[in-house]
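> This is the structure I have questions about; it appears just below.
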Amino acid sequence: MVQAVEGAAALDAPAKAIGKWVRGAFAREPLKDALSGTWLGHAVHPVLTDVVIGTFLSSTLLDLLGGDDGERARRRLVGAGIAAAGPTVMTGANDWADAEPVDDGVRRSGLVHALSNSTALLLYAGSLGAAGRRAAALRLGGAAALLAGGYLGGHLSFAKGVGPDQTVYDPGPADWTPAAGAAELIDGRPMRVVVGDTPVLLLRDGEQLFAIHDRCSHRGCSLSDGSLEGDEIVCSCHGSRFDRRDGAVRQGPATAPQPAFEVRINDERVEIRRLAA
Ligand code: FES
(Lines give C-alpha, C1' and ligand atoms only; values in the text may rest on other atoms or scores of the structure.)
Protein backbone atom coordinates (compact mmCIF):
# COMPACT_ATOMS: atom_id res chain seq x y z
CA MET A 1 0.00 0.00 0.00
CA VAL A 2 2.81 2.39 0.90
CA GLN A 3 4.63 1.70 -2.36
CA ALA A 4 1.43 2.34 -4.33
CA VAL A 5 0.85 5.62 -2.51
CA GLU A 6 4.43 6.78 -2.88
CA GLY A 7 4.40 5.94 -6.58
CA ALA A 8 1.15 7.81 -7.31
CA ALA A 9 2.37 10.82 -9.25
CA ALA A 10 -1.25 11.90 -9.76
CA LEU A 11 -1.22 13.04 -6.14
CA ASP A 12 1.49 15.61 -6.80
CA ALA A 13 -0.66 18.36 -8.29
CA PRO A 14 -3.22 18.56 -5.43
CA ALA A 15 -0.49 17.94 -2.83
CA LYS A 16 1.69 20.75 -4.16
CA ALA A 17 -1.27 23.14 -4.29
CA ILE A 18 -2.34 22.31 -0.74
CA GLY A 19 1.24 22.40 0.55
CA LYS A 20 1.78 25.83 -1.00
CA TRP A 21 -1.41 27.11 0.60
CA VAL A 22 -0.41 25.67 4.00
CA ARG A 23 3.06 27.23 3.85
CA GLY A 24 1.53 30.60 3.08
CA ALA A 25 -1.17 30.35 5.74
CA PHE A 26 1.22 29.30 8.51
CA ALA A 27 4.26 31.34 7.52
CA ARG A 28 3.99 34.06 10.13
CA GLU A 29 5.74 34.04 13.47
CA PRO A 30 4.97 33.18 16.21
CA LEU A 31 2.40 30.83 14.64
CA LYS A 32 5.03 28.99 12.58
CA ASP A 33 7.25 28.17 15.55
CA ALA A 34 4.24 27.30 17.71
CA LEU A 35 2.99 24.74 15.17
CA SER A 36 6.47 23.38 14.44
CA GLY A 37 7.34 22.76 18.10
CA THR A 38 10.38 25.06 18.26
CA TRP A 39 9.25 26.02 21.79
CA LEU A 40 8.97 22.33 22.79
CA GLY A 41 12.24 21.01 21.38
CA HIS A 42 10.54 18.56 19.02
CA ALA A 43 7.45 18.32 16.84
CA VAL A 44 4.06 18.93 18.51
CA HIS A 45 2.02 16.86 16.06
CA PRO A 46 2.92 13.38 17.44
CA VAL A 47 1.90 14.48 20.95
CA LEU A 48 -1.51 15.67 19.75
CA THR A 49 -2.16 12.59 17.62
CA ASP A 50 -2.00 10.52 20.82
CA VAL A 51 -5.00 12.47 22.12
CA VAL A 52 -7.07 12.06 18.95
CA ILE A 53 -6.22 8.42 18.33
CA GLY A 54 -6.51 7.55 22.02
CA THR A 55 -9.97 9.05 22.51
CA PHE A 56 -11.43 7.85 19.21
CA LEU A 57 -10.15 4.29 19.56
CA SER A 58 -11.26 4.18 23.20
CA SER A 59 -14.81 4.94 22.09
CA THR A 60 -14.62 2.07 19.60
CA LEU A 61 -13.21 -0.24 22.29
CA LEU A 62 -16.23 0.65 24.44
CA ASP A 63 -18.43 -0.38 21.52
CA LEU A 64 -16.68 -3.73 21.32
CA LEU A 65 -16.16 -4.41 25.03
CA GLY A 66 -18.34 -2.05 27.01
CA GLY A 67 -21.85 -3.34 26.39
CA ASP A 68 -24.87 -1.04 26.00
CA ASP A 69 -24.39 1.22 29.01
CA GLY A 70 -21.39 3.26 27.83
CA GLU A 71 -23.04 5.57 25.31
CA ARG A 72 -22.41 8.76 27.31
CA ALA A 73 -18.76 7.84 27.75
CA ARG A 74 -18.44 7.03 24.05
CA ARG A 75 -19.90 10.37 23.06
CA ARG A 76 -17.63 12.25 25.47
CA LEU A 77 -14.57 10.47 24.10
CA VAL A 78 -15.57 11.30 20.53
CA GLY A 79 -16.20 14.93 21.54
CA ALA A 80 -12.73 15.17 23.14
CA GLY A 81 -11.15 13.72 20.01
CA ILE A 82 -12.96 16.21 17.78
CA ALA A 83 -11.82 19.08 20.02
CA ALA A 84 -8.18 17.96 19.72
CA ALA A 85 -8.44 17.42 15.96
CA GLY A 86 -8.12 21.12 15.00
CA PRO A 87 -4.61 21.72 16.41
CA THR A 88 -3.59 18.20 15.38
CA VAL A 89 -4.51 18.88 11.76
CA MET A 90 -2.77 22.26 11.78
CA THR A 91 0.51 20.93 13.23
CA GLY A 92 0.51 17.92 10.91
CA ALA A 93 -0.20 20.02 7.82
CA ASN A 94 2.59 22.40 8.80
CA ASP A 95 5.12 19.57 9.25
CA TRP A 96 4.09 17.93 5.99
CA ALA A 97 4.22 21.15 3.96
CA ASP A 98 7.81 21.69 5.12
CA ALA A 99 8.81 18.40 3.50
CA GLU A 100 9.14 20.45 0.29
CA PRO A 101 11.40 20.45 -1.61
CA VAL A 102 12.82 17.24 -0.26
CA ASP A 103 10.83 14.12 -1.17
CA ASP A 104 8.01 13.05 -3.56
CA GLY A 105 7.11 10.04 -1.38
CA VAL A 106 6.60 12.25 1.66
CA ARG A 107 4.38 14.61 -0.30
CA ARG A 108 2.17 11.78 -1.59
CA SER A 109 1.92 9.62 1.54
CA GLY A 110 1.37 12.73 3.66
CA LEU A 111 -1.66 13.65 1.56
CA VAL A 112 -3.16 10.16 1.87
CA HIS A 113 -2.38 10.19 5.62
CA ALA A 114 -4.39 13.42 5.88
CA LEU A 115 -7.27 12.06 3.76
CA SER A 116 -7.49 8.87 5.86
CA ASN A 117 -7.54 10.80 9.10
CA SER A 118 -10.07 13.31 7.74
CA THR A 119 -12.32 10.38 6.81
CA ALA A 120 -11.95 9.05 10.35
CA LEU A 121 -12.82 12.45 11.79
CA LEU A 122 -15.98 12.71 9.64
CA LEU A 123 -17.11 9.19 10.58
CA TYR A 124 -16.59 9.73 14.31
CA ALA A 125 -18.29 13.14 14.12
CA GLY A 126 -21.17 11.53 12.20
CA SER A 127 -21.58 8.98 14.98
CA LEU A 128 -22.69 11.78 17.30
CA GLY A 129 -25.78 12.24 15.13
CA ALA A 130 -26.60 8.54 15.09
CA ALA A 131 -27.58 5.96 17.69
CA GLY A 132 -27.22 2.28 18.45
CA ARG A 133 -25.64 0.01 15.87
CA ARG A 134 -25.47 2.75 13.27
CA ALA A 135 -23.33 4.90 15.58
CA ALA A 136 -21.15 1.92 16.45
CA ALA A 137 -20.68 1.11 12.75
CA LEU A 138 -19.62 4.67 12.04
CA ARG A 139 -17.09 4.53 14.88
CA LEU A 140 -15.78 1.19 13.63
CA GLY A 141 -15.32 2.62 10.14
CA GLY A 142 -13.61 5.62 11.70
CA ALA A 143 -11.23 3.32 13.57
CA ALA A 144 -10.27 1.53 10.35
CA ALA A 145 -9.54 4.83 8.60
CA LEU A 146 -7.65 6.07 11.66
CA LEU A 147 -5.41 2.99 11.74
CA ALA A 148 -4.61 3.34 8.03
CA GLY A 149 -3.80 7.01 8.51
CA GLY A 150 -1.77 6.25 11.63
CA TYR A 151 0.25 3.63 9.78
CA LEU A 152 1.18 6.17 7.13
CA GLY A 153 2.00 8.71 9.85
CA GLY A 154 4.43 6.23 11.40
CA HIS A 155 5.89 5.55 7.97
CA LEU A 156 6.48 9.27 7.46
CA SER A 157 8.32 9.59 10.78
CA PHE A 158 10.22 6.32 11.04
CA ALA A 159 10.87 5.36 7.41
CA LYS A 160 10.98 8.76 5.71
CA GLY A 161 12.58 10.69 8.58
CA VAL A 162 10.09 13.56 8.77
CA GLY A 163 10.49 15.08 12.21
CA PRO A 164 13.68 13.66 13.76
CA ASP A 165 16.75 15.85 14.19
CA GLN A 166 18.61 15.31 10.91
CA THR A 167 22.01 15.43 12.62
CA VAL A 168 21.29 12.97 15.39
CA TYR A 169 23.26 10.02 13.97
CA ASP A 170 26.19 12.13 12.84
CA PRO A 171 27.96 13.78 15.80
CA GLY A 172 31.19 14.56 13.93
CA PRO A 173 34.80 13.67 14.82
CA ALA A 174 35.70 13.06 18.44
CA ASP A 175 39.37 14.00 17.91
CA TRP A 176 40.96 16.98 16.21
CA THR A 177 40.57 16.39 12.46
CA PRO A 178 41.72 18.54 9.51
CA ALA A 179 38.81 20.28 7.79
CA ALA A 180 40.38 22.79 5.36
CA GLY A 181 43.44 24.87 4.67
CA ALA A 182 43.41 28.04 6.76
CA ALA A 183 43.97 30.17 3.65
CA GLU A 184 40.79 28.79 2.04
CA LEU A 185 38.48 30.55 4.50
CA ILE A 186 37.18 33.90 3.29
CA ASP A 187 36.17 36.35 5.98
CA GLY A 188 32.38 36.39 6.51
CA ARG A 189 31.62 33.74 3.90
CA PRO A 190 30.29 30.34 5.09
CA MET A 191 32.22 27.42 3.59
CA ARG A 192 31.06 23.80 3.37
CA VAL A 193 33.54 21.01 3.95
CA VAL A 194 33.11 17.31 4.66
CA VAL A 195 35.09 15.96 7.61
CA GLY A 196 34.97 12.18 7.63
CA ASP A 197 31.31 11.68 6.74
CA THR A 198 30.13 14.88 8.43
CA PRO A 199 29.21 18.00 6.46
CA VAL A 200 30.49 21.04 8.34
CA LEU A 201 29.94 24.76 7.87
CA LEU A 202 33.11 26.75 8.58
CA LEU A 203 33.05 30.49 9.12
CA ARG A 204 35.78 33.03 9.75
CA ASP A 205 34.99 36.39 11.30
CA GLY A 206 38.30 38.24 11.68
CA GLU A 207 40.33 36.26 14.17
CA GLN A 208 37.36 34.15 15.23
CA LEU A 209 36.53 30.78 13.71
CA PHE A 210 33.20 28.96 13.96
CA ALA A 211 32.10 25.48 12.91
CA ILE A 212 28.61 23.98 13.08
CA HIS A 213 26.99 20.97 11.42
CA ASP A 214 26.04 21.88 7.84
CA ARG A 215 23.01 19.55 7.59
CA CYS A 216 20.01 21.52 8.86
CA SER A 217 18.43 19.72 11.80
CA HIS A 218 14.96 20.50 10.39
CA ARG A 219 14.80 18.73 7.02
CA GLY A 220 18.45 18.31 6.11
CA CYS A 221 19.16 21.18 3.71
CA SER A 222 22.74 22.44 3.49
CA LEU A 223 23.14 25.53 5.68
CA SER A 224 26.02 26.78 3.57
CA ASP A 225 23.46 27.33 0.79
CA GLY A 226 21.80 29.85 3.12
CA SER A 227 23.03 33.19 4.34
CA LEU A 228 24.82 34.85 7.23
CA GLU A 229 22.80 37.61 8.91
CA GLY A 230 24.60 39.11 11.88
CA ASP A 231 25.31 36.25 14.29
CA GLU A 232 22.81 33.95 12.60
CA ILE A 233 23.05 31.34 9.86
CA VAL A 234 19.73 31.35 7.96
CA CYS A 235 18.66 28.13 6.23
CA SER A 236 17.59 28.65 2.62
CA CYS A 237 14.85 25.98 2.71
CA HIS A 238 12.43 27.14 5.44
CA GLY A 239 14.18 30.04 7.12
CA SER A 240 15.36 28.50 10.39
CA ARG A 241 17.99 30.63 12.12
CA PHE A 242 20.90 29.22 14.10
CA ASP A 243 23.46 30.96 16.28
CA ARG A 244 26.77 30.70 14.42
CA ARG A 245 28.66 30.26 17.71
CA ASP A 246 26.86 27.34 19.34
CA GLY A 247 24.21 26.27 16.79
CA ALA A 248 21.31 27.24 19.07
CA VAL A 249 17.94 27.69 17.36
CA ARG A 250 17.12 31.41 17.20
CA GLN A 251 14.00 30.86 15.06
CA GLY A 252 12.21 27.77 13.73
CA PRO A 253 10.72 25.83 12.19
CA ALA A 254 13.75 23.82 13.35
CA THR A 255 13.27 22.34 16.80
CA ALA A 256 16.79 21.03 17.46
CA PRO A 257 20.07 22.99 17.54
CA GLN A 258 22.91 22.42 15.11
CA PRO A 259 25.82 20.52 16.66
CA ALA A 260 28.69 22.97 17.11
CA PHE A 261 32.36 22.00 16.96
CA GLU A 262 35.54 23.21 18.57
CA VAL A 263 37.76 24.73 15.91
CA ARG A 264 41.45 25.69 15.82
CA ILE A 265 44.22 26.40 13.36
CA ASN A 266 47.13 23.99 13.55
CA ASP A 267 50.04 24.21 11.14
CA GLU A 268 48.02 26.30 8.62
CA ARG A 269 45.13 23.85 8.71
CA VAL A 270 41.69 24.35 10.20
CA GLU A 271 40.89 21.44 12.54
CA ILE A 272 37.64 20.61 14.28
CA ARG A 273 36.36 18.18 16.88
CA ARG A 274 33.00 17.76 18.52
CA LEU A 275 32.35 19.39 21.85
CA ALA A 276 32.85 17.24 24.91
CA ALA A 277 29.49 15.87 26.12
S1 FES B 1 15.70 22.39 6.18
FE2 FES B 1 13.97 23.47 6.93
S3 FES B 1 14.82 25.22 7.85
FE4 FES B 1 16.53 24.11 7.19
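> To the nearest 500 deg cm²/dmol, what mean residue ellipticity at 222 nm is calculated for the chain from DSSP H runs of n ≥ 4 alone, each contributing -39,500 (n - 2.57), summed and divided by the residues?
-14500 deg cm²/dmol
> Treat each spin label as a single point 7 Å out from the Cα along the C-beta direction, and report the Arg28 to Lys16 distance in nm.
The answer from the label model is 2.8 nm.
> Work out, step by step, the length gained on full extension between Asn266 and Glu184: first 0.36 nm times the residue separation, then minus their alpha carbon distance; give nm to one decimal.
Between Asn266 and Glu184, full extension yields an extra 28.1 nm.
> Report the trypsin sites (Lys or Arg not before Pro) located in segment 1-47 that are in a DSSP loop and have at most 10 other Cβ atoms inside 10 Å of their Cβ, or state none.
Arg28
> Further question: Length gain on complete extension for the stretch Asp197 to Trp39, per 0.36 nm per residue less the alpha carbon to alpha carbon distance?
53.8 nm
> Sort out the exposed loop chymotrypsin sites (Phe, Trp or Tyr not before Pro) in the chain (DSSP loop, at most 15 other Cβ within 10 Å) and tell me the longest stretch that has none.
Between exposed loop sites, the widest span is 40-168.
> Let me ask you something else. Gaussian network model of the chain, Cα springs within a sub-10 Å range: biggest mean-square fluctuation belongs to which of Asp243, Asp225, Asp69?
Comparing Asp243, Asp225, Asp69 in a Gaussian network model of the chain, the most mobile one is Asp69.
> Consider a paramagnetic label point 7 Å from the Cα of Glu232 along Cα→Cβ; state which residues of segment 239-268 have an amide N under 11 Å from it.
Taking a point 7 Å out along Cα→Cβ of Glu232, the residues of segment 239-268 whose backbone N falls under 11 Å are 239-244, 249-253.
> Where does the chain land on Rg/Rh, using Cα atoms and the Kirkwood Rh?
Looking at the chain, the ratio lands at 1.11.
> Follow-up. Just to make sure I understand: if all protein chains stay in place, what is the order of Glu268, Glu262, Glu232 by accessible area at 1.4 Å, largest first?
The most accessible residue leads, giving Glu268, Glu262, Glu232.
> If you don't mind, there's one more thing I want to ask. State, to one decimal in nm², a quarter of the convex hull surface area for the C-alpha atoms of segment 2-158, i.e. the direction-averaged projected area.
Mean projected area of the Cα convex hull: 9.8 nm².
The values are calculated or read from the model by the stated rules, or taken from the named source; none is laboratory data. Values in this document were obtained by computation on a predicted structure and should not be read as measured data. Quick reminder, even Gly has a Cβ in these numbers, built from the backbone with ideal geometry, and neighbours come from all protein chains shown. Ligands, DNA and RNA are stripped out before the accessible areas are found, and what is left, the full protein with its side chains, is counted by its heavy atoms. Shrake-Rupley method; radii C 1.70, N 1.55, O 1.52, S 1.80 Å.
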